[in-house]
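As structure tokens, the structure follows; a few thoughts come after it.
The numbers here are math on the coordinates, done by the rules we state, and not lab data. For clarity, every value in this text was computed on a predicted model and none was experimentally measured. Note that each Cβ is placed from the backbone with ideal geometry, even for glycine, and that neighbours are counted across all protein chains shown.
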Amino acid sequence: MAKLDGKKLLACCANGAGSSLMMENAIKKVMTKYGIKPAELRHCAVSEGKSAARNYDVVFCAKTFVKTFEGVDTTLVPLKNVMSDKEIEAALKELDLLD
């Protein structure tokens, strides 16, 4: 069973509109490639993400927002290019979240 099956995933960007939606689509591409079926995958603004993060197993965000999530007990995946499915895949492998 994939480590991310049944997990809740959140993609956060500055305003919760454009780039987080594209990040969500890139995450979906990786999930499809590995046959992973998360319980939930959604996107939002980083301001909402900080309070919502504790309800998610994995939170994806741009590296510039890492400090926003300090003290939140969740797995954080910081990204340089939030729209890169290759970077998302590599980061998940580095965190040992992909089989």
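Of note:
- Whenever a residue of segment 85-99 is without any contact (Cβ under 8 Å) to a residue 60 or more places away in the chain, its partners that are surrounded by fewer than 16 Cβ atoms within 10 Å (Cβ to Cβ), lying with C-beta atoms within less than 6 angstrom and at least six residues away or across chains, give the pairs Asp85/Lys29; Glu87/Asn81.
- Among (1) more than 13 Å from the chain's Cα centre (by Cα); (2) under 13 Å from Lys8 (Cβ atoms); (3) of a type outside the set (Val, Ile, Thr), the one test that Lys33 misses: (2)
- For beta carbons closer than 6 Å, sequence separation of 6+ or different chains, a first residue in segment 1-19 that is outside any loop (DSSP other than H, G, I, E, B) and a second that is surrounded by fewer than 15 Cβ atoms within 10 Å (Cβ to Cβ) and aliphatic (A, V, I, L, M), the qualifying pairs are Lys8/Ala39.
- Unmet requirement for Met83, which otherwise passes all of (1) surrounded by fewer than 19 Cβ atoms within 10 Å (Cβ to Cβ); (2) closer than 13 Å to Leu10 by Cβ: (2)
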